[in-house]
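Participant: A single structure is presented below for examination.
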């Protein structure tokens, strides 16, 4: 089988984890989708109409709060699915989904996705694996937000972003990072300044440049490692015949540095 | 609306937020600075007791100097004398760290100046700061 770089299956890890027949059943319904920066894929409480499979870029899932913009609970890139959880349950969205880094994606109607899950137990199992990983990320973030210093949290999120884009130039402004962490912009500027002096990163207008991945891991909290090992364990539970078409690449271990 | 900028004194040469924020008045700036200081020190209070946040109004000031130990809520249970001791100790520790930092910068600068005068290569900048302060950019 020839591998086409444009084939959605080769660009999103959920689609890659599906069995061949399962993927073929979704394929005619997949349409390209543009992840423009700032675009809201859905709001908290919305009925999910489309399920998005990002190929690149970054979607932040945030819980809104009454007095400000809310806090980040999850980030989804080419490693996951946006809206899959709610679409499968035919339930309203439990958070806002906003594009933080522009990219490309595939979309599918929520009804079609739900029907495919109902008809194919294998696909439902794979979806459950990804849901479990999303839940793990949310749980880890709850712990992280409660006990870890801003410095370690910035490093952790930068590692997560770096894993999903493998580009050391992270196109996030300090305001966006502040919004993600639920802190004031000044706090991010000051803490990032300390990390800059430590040789971890440099702050530029409109982006952060990772100077040393090794130092970033050293300054990050343990949450990053915890989630990674969880992802690796979960990847082992995916049946062999459903392993992706990408040679030896396994869904989660495909993360850089894995 | 005045613009307030901030400098974190953490024992290094200081980290500035030059962008700053527009706030109604000094009281607003004070409240904002306390929130920022608490966010910065959360989870690393012991280390941060030596730090201070300076607040400037329209580039003038500082109009406030907030020692972190004085606003750390995890010290609220202490008697005022004990707390003051921690604040004073933090201040002295920070001054010592700043002195060490400045001495190191002087050593680097001296080395660079000697090398420059002999026409040898030298370290022009360290962590984004020029090794040789002031004066000409290069000897040409």
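Participant: Would you check if there is a residue in segment B:75-98 being within 14 Å of chain A (Cβ to nearest Cβ), surrounded by fewer than 17 Cβ atoms within 10 Å (Cβ to Cβ), within 30 Å of residue A:178 (Cβ to Cβ) and modelled with pLDDT under 90?
Facilitator: So far as segment B:75-98 goes, no, none of its residues is within 14 Å of chain A (Cβ to nearest Cβ), surrounded by fewer than 17 Cβ atoms within 10 Å (Cβ to Cβ), within 30 Å of residue A:178 (Cβ to Cβ) and modelled with pLDDT under 90.
Residue-wise test of (1) at negative phi; (2) touching a helix residue (DSSP H, G or I) at 6+ places or on another chain (Cβ under 6 Å).
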position: A:55; (1), (2): yes, no
position: A:82; (1), (2): yes, no
position: A:90; (1), (2): no, no
position: A:106; (1), (2): yes, yes
position: A:113; (1), (2): yes, yes
position: A:141; (1), (2): yes, no
position: A:144; (1), (2): yes, yes
position: A:148; (1), (2): yes, no
position: A:153; (1), (2): yes, yes
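Participant: Something else about it: Checking residue B:116 against (1) over 15 Å from residue B:12 (Cα atoms); (2) touching a strand residue (DSSP E or B) at 6+ places or on another chain (Cβ under 8 Å), only one condition comes out false. Which one?
Facilitator: Only one criterion in (1) over 15 Å from residue B:12 (Cα atoms); (2) touching a strand residue (DSSP E or B) at 6+ places or on another chain (Cβ under 8 Å) is unmet by residue B:116, namely (2).
Participant: Also: Sort out for me the strands (runs of 3 or more DSSP E) sitting completely within segment A:44-86 that have 3 or more residues that are surrounded by fewer than 20 Cβ atoms within 10 Å (Cβ to Cβ) and outside the structural domain of residue A:182 (by TED's automatic domain parsing).
Facilitator: On the way: elements: A:50-54, A:58-63, A:71-76.
Output list is empty.
Participant: Just to be sure, is residue B:39 buried (at least 18 other Cβ atoms within 10 Å of the Cβ), within 27 Å of residue A:219 (Cα to Cα) and without any contact (Cβ under 8 Å) to a residue 24 or more places away in the chain?
Facilitator: On the way: buried (at least 18 other Cβ atoms within 10 Å of the Cβ): yes; within 27 Å of residue A:219 (Cα to Cα): yes; without any contact (Cβ under 8 Å) to a residue 24 or more places away in the chain: yes.
Here the answer is yes, as residue B:39 does meet what is asked.
Participant: Which of (1) more than 17 Å from the chain's Cα centre (by Cα); (2) within 30 Å of residue B:1 (Cβ to Cβ) does residue B:61 not meet, given it meets every other one?
Facilitator: All conditions are met except number (1).
Participant: Is it the case, given these coordinates, that residue A:104 is over 13 Å from the mean Cα position of the chain (by Cα) and in the same structural domain as residue A:130 (by TED's automatic domain parsing)?
Facilitator: Numbers: over 13 Å from the mean Cα position of the chain (by Cα): yes; in the same structural domain as residue A:130 (by TED's automatic domain parsing): yes.
It is true that residue A:104 is over 13 Å from the mean Cα position of the chain (by Cα) and in the same structural domain as residue A:130 (by TED's automatic domain parsing).
Participant: Sticking with this one: Taking segment B:2-36 as the search range and keeping residues that are facing chain A (nearest Cβ under 9 Å) and under 20 Å from residue B:76 (Cβ atoms), which one is surrounded by the fewest Cβ atoms within 10 Å (Cβ to Cβ)?
Facilitator: B:35
Participant: Going through segment A:154-179 one residue at a time, which ones are surrounded by 19 or more Cβ atoms within 10 Å (Cβ to Cβ), under 25 Å from residue B:55 (Cα atoms) and more than 9 Å from every other protein chain (Cβ to nearest Cβ)?
Facilitator: Scanning segment A:154-179 gives A:154, A:176, A:177, A:178, A:179.
Participant: Among the candidates A:146, A:142, A:127, A:136, which residue alone is within 14 Å of chain B (Cβ to nearest Cβ) and part of a helix (DSSP H, G or I)? Spell out how you get there, then give the answer.
Facilitator: Working: A:142 fails: within 14 Å of chain B (Cβ to nearest Cβ); A:127 fails: within 14 Å of chain B (Cβ to nearest Cβ); A:136 fails: within 14 Å of chain B (Cβ to nearest Cβ).
Just one listed residue meets the conditions, A:146.
Participant: Let me spell it out: the conditions are (1) over 15 Å from the mean Cα position of the chain (by Cα); (2) more than 19 Å from residue B:94 (Cβ to Cβ); (3) at pLDDT 90 or above, and residue B:5 meets all of them except one. Which number is the exception?
Facilitator: (1) is the only condition that residue B:5 fails.
Participant: To continue, here is another question. Tell me which residues, restricted to segment A:198-212, are within 11 Å of chain B (Cβ to nearest Cβ), within 18 Å of residue B:19 (Cβ to Cβ) and surrounded by 13 or more Cβ atoms within 10 Å (Cβ to Cβ).
Facilitator: Within segment A:198-212, A:202, A:203 qualify.
Participant: I'd like to check something: does segment B:44-55 contain any residue that is away from every other protein chain (no Cβ under 12 Å), surrounded by fewer than 17 Cβ atoms within 10 Å (Cβ to Cβ) and under 30 Å from residue A:143 (Cα atoms)?
Facilitator: Taking every residue of segment B:44-55 in turn, none turns out to be away from every other protein chain (no Cβ under 12 Å), surrounded by fewer than 17 Cβ atoms within 10 Å (Cβ to Cβ) and under 30 Å from residue A:143 (Cα atoms).
Participant: Name the residues in segment A:218-255 that are at pLDDT 70 or above, crowded, with 19+ Cβ neighbours inside 10 Å and over 20 Å from residue A:73 (Cβ atoms), would you?
Facilitator: Within segment A:218-255, the subset at pLDDT 70 or above is A:218-237.
Imposing the further condition that a residue be crowded, with 19+ Cβ neighbours inside 10 Å reduces the set to A:219-221, A:223-224, A:227, A:231, A:235.
Selection gives A:219, A:235.
The values are calculated or read from the model by the stated rules, or taken from the named source; none is laboratory data. This is a predicted model, so every value here is computed, not measured. When we count neighbours, we look across all protein chains shown, and the Cβ atoms used for this are built from the backbone with ideal geometry, even at glycine.
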